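The values are calculated or read from the model by the stated rules, or taken from the named source; none is laboratory data. What you see is a predicted model; the values in this text were computed from it and never measured. All Cβ positions, even for glycine, are placed from backbone atoms using ideal geometry, and neighbour counts span all protein chains on display.
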């Protein structure tokens, strides 16, 4: 099954992380991505730029309403994602538990709907 | 109940979990498995009274349910689902007829029904429906929710299992212990809902019976788990007091006032025997040991309160929570006097301000210490209580205070 793992964390915490700390974190993510790729589970994954760069679009009565910032102001922000193809939810949970951000943020697991 | 009804009832209860679990493993479909099993039970109710109960009723039910599942698949299949249905039909046909030869899948079923990705409400409902074989109506009644609400809860849970890809399997060794903890938590929740109902009547004994049955099943499926034995012992020791816990008017009778000859001593003996084996003390075992202290006292005044207080201290280390601390305070008060208990209650005031038993316990200790603040504490407990029997008890206590 395909799952999108949405990585939520407090982006201010990331901004305040030392260069060495960031380097260590990137290495951890890199190892995880390589492992998933080797198992043929990796369909995609990226880090997102901070929410200060986010733009939200709505269309009301045919009119575009474009606003600065993320859809919702929350304590934790969507900071990246993995798109995986694994056997079942337990496998997705095992993977999510190893994502570094799960330790101080959270990972939301969303199954993808099978296309028609 | 006629003899046929009694047989039917017993066979349904005993075989449902196993039959449904096997059908789910083969079809991967909770709803289909349950509906096919339901069909078979209905057919049994129609035909057995007239034709007599078959020699092997379990095998009859299983064979019928399997055939009903095949019928349903043949009838419902359309378009691109045809291939999937054909594969399921072939798998069902390959299962054979003999229920005693099919693999026991109930542990998978329990682990799936108690999966942490389901809401706690859903886990409870699904376990009672699918593993214990209670009807939607029975579960709805036991939890005092309208039947359509419960039916919706069940169908949402089944949809989540399907859509989120919750696997139907026993988790691997690394995660099995934590998953078994989750299963035990669901069973204990079912028990507690029966033991101290949050609303209405104090006792819904059938939920306790069901929880005990499921704990026995878990103990059979995964033997030598000290915490499962501990949980079973805890339930037995508590449930043994069921007949003495309320009086004829349905009012709560406190442990110290209970007629101990009305306790179920066979059940107590079974509970005590489960604790005899040496094992590391997990939270359920420690709680069972506390219940055992009560069960072992011939009269209330014989209760070994220092031992209970020390066990609560141990439990507090294993499971730090304000409610455990509250129980410990009460036990310490019994061992060392109300003032010692009140001192331990003080730091809990903020955490437990909305918990009626905190105020009830505090009120009892203040009353025993002859303190006038007792009345206010009883009133606060009355503001928060939802259970009728407990409410009557608190009112009686309040009324008994010296003016």
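Which condition breaks for residue A:96 when tested against (1) within 14 Å of another protein chain (Cβ to nearest Cβ); (2) over 16 Å from the mean Cα position of the chain (by Cα); (3) modelled with pLDDT of 95 or more?
(2)
Of these, B:85, B:50, B:132, B:69, which one is without any contact (Cβ under 8 Å) to a residue 24 or more places away in the chain and surrounded by 17 or more Cβ atoms within 10 Å (Cβ to Cβ)?
Values: B:50 fails: surrounded by 17 or more Cβ atoms within 10 Å (Cβ to Cβ); B:132 fails: without any contact (Cβ under 8 Å) to a residue 24 or more places away in the chain; B:69 fails: without any contact (Cβ under 8 Å) to a residue 24 or more places away in the chain.
The unique qualifying residue is B:85.
Restricting to the stretch B:96-115, and then to whatever is outside any helix (DSSP H, G or I) and at pLDDT 85 or above, can you tell me which residue is surrounded by the fewest Cβ atoms within 10 Å (Cβ to Cβ)? Even if it seems obvious, please write down each step before you answer.
The initial filter retains those residues of the stretch B:96-115 that are outside any helix (DSSP H, G or I), namely B:96-98, B:102-105, B:114-115.
Going one step further and asking which of them are at pLDDT 85 or above, we end up with B:105, B:114-115.
Details: B:105: 23, B:114: 25, B:115: 25.
Once the filter is applied, the top-ranked residue is B:105.
Take residue B:324 and decide whether it is in a helix (DSSP H, G or I) and within 22 Å of residue B:280 (Cβ to Cβ).
Working: in a helix (DSSP H, G or I): yes; within 22 Å of residue B:280 (Cβ to Cβ): yes.
When the stated conditions are applied, residue B:324 passes them.
Being surrounded by 12 or more Cβ atoms within 10 Å (Cβ to Cβ) and in contact with a strand residue (DSSP E or B) (Cβ under 8 Å, 6 or more places away or on another chain) narrows it down to one residue among A:100, A:111; which is it? Give the derivation first.
Values: A:100 fails: in contact with a strand residue (DSSP E or B) (Cβ under 8 Å, 6 or more places away or on another chain).
Criteria check complete, one pass: A:111.
Which residue out of A:78, A:48, A:83 is more than 14 Å from chain B (Cβ to nearest Cβ), within 11 Å of the chain's Cα centre (by Cα) and more than 16 Å from residue A:30 (Cα to Cα)? Explain how you work it out, then say what you get.
Values: A:48 fails: more than 16 Å from residue A:30 (Cα to Cα); A:83 fails: more than 16 Å from residue A:30 (Cα to Cα).
Answer to the check: A:78.
Kindly check whether there is at least one residue in the stretch B:123-139 that is farther than 23 Å from residue B:10 by Cα, out of contact with any strand residue (DSSP E or B) (no Cβ under 7 Å at 6 or more places or on another chain), more than 14 Å from chain A (Cβ to nearest Cβ) and at pLDDT 90 or above. Break it down into steps so the answer makes sense when it comes.
Within the stretch B:123-139, the first condition is being farther than 23 Å from residue B:10 by Cα, and the residues that meet it are B:123.
If we keep only those that are out of contact with any strand residue (DSSP E or B) (no Cβ under 7 Å at 6 or more places or on another chain) too, we end up with B:123.
If we keep only those that are more than 14 Å from chain A (Cβ to nearest Cβ) too, we end up with B:123.
Those still in the list that are at pLDDT 90 or above too: B:123.
Scanning the stretch B:123-139 turns up at least one residue that is farther than 23 Å from residue B:10 by Cα, out of contact with any strand residue (DSSP E or B) (no Cβ under 7 Å at 6 or more places or on another chain), more than 14 Å from chain A (Cβ to nearest Cβ) and at pLDDT 90 or above.
Of the conditions (1) crowded, with 16+ Cβ neighbours inside 10 Å; (2) touching a residue at least 60 places away in the same chain (Cβ under 8 Å), residue B:155 clears all except one; give me its number.
Here residue B:155 clears every test but (1).
Restricting attention to the stretch A:59-78, report how many residues are on the phi > 0 side of the Ramachandran plot and exposed (fewer than 10 other Cβ atoms within 10 Å of the Cβ).
So in the stretch A:59-78, the residues on the phi > 0 side of the Ramachandran plot come out as A:61-62, A:69.
Restricting the remaining residues to those that are exposed (fewer than 10 other Cβ atoms within 10 Å of the Cβ) gives A:61-62.
Count: 2.
Could you go through the stretch A:64-78 and let me know if any residue there is closer than 17 Å to residue A:98 by Cβ and touching a strand residue (DSSP E or B) at 6+ places or on another chain (Cβ under 9 Å). Lay out the reasoning, then the answer.
Taking the stretch A:64-78 as the starting set, the residues that turn out to be closer than 17 Å to residue A:98 by Cβ are none.
No, the stretch A:64-78 has no match at all.
Based on this model, can you work out whether residue B:120 counts as within 16 Å of the chain's Cα centre (by Cα), more than 14 Å from chain A (Cβ to nearest Cβ) and on the phi > 0 side of the Ramachandran plot? Walk me through how you get there before you give the answer.
On the way: within 16 Å of the chain's Cα centre (by Cα): yes; more than 14 Å from chain A (Cβ to nearest Cβ): yes; on the phi > 0 side of the Ramachandran plot: no.
No: the conditions fail for residue B:120.
Condition first: over 19 Å from the mean Cα position of the chain (by Cα), at pLDDT below 90 and buried (at least 16 other Cβ atoms within 10 Å of the Cβ). Can you find one or more residues in the stretch B:260-276 that meet it?
no
Given (1) farther than 26 Å from residue A:24 by Cα; (2) in contact with a strand residue (DSSP E or B) (Cβ under 9 Å, 6 or more places away or on another chain); (3) without any contact (Cβ under 8 Å) to a residue 24 or more places away in the chain; (4) crowded, with 16+ Cβ neighbours inside 10 Å, where does residue A:55 come up short, assuming only one miss?
The number of the failed condition is (4).
For residue A:30, state whether it is surrounded by fewer than 12 Cβ atoms within 10 Å (Cβ to Cβ), more than 27 Å from residue B:176 (Cα to Cα), within 15 Å of the chain's Cα centre (by Cα) and free of Cβ contacts under 8 Å to residues at least 12 places away in the same chain. Talk me through it step by step, then tell me what you get.
Details: surrounded by fewer than 12 Cβ atoms within 10 Å (Cβ to Cβ): yes; more than 27 Å from residue B:176 (Cα to Cα): yes; within 15 Å of the chain's Cα centre (by Cα): yes; free of Cβ contacts under 8 Å to residues at least 12 places away in the same chain: yes.
So residue A:30 fits the description; yes.
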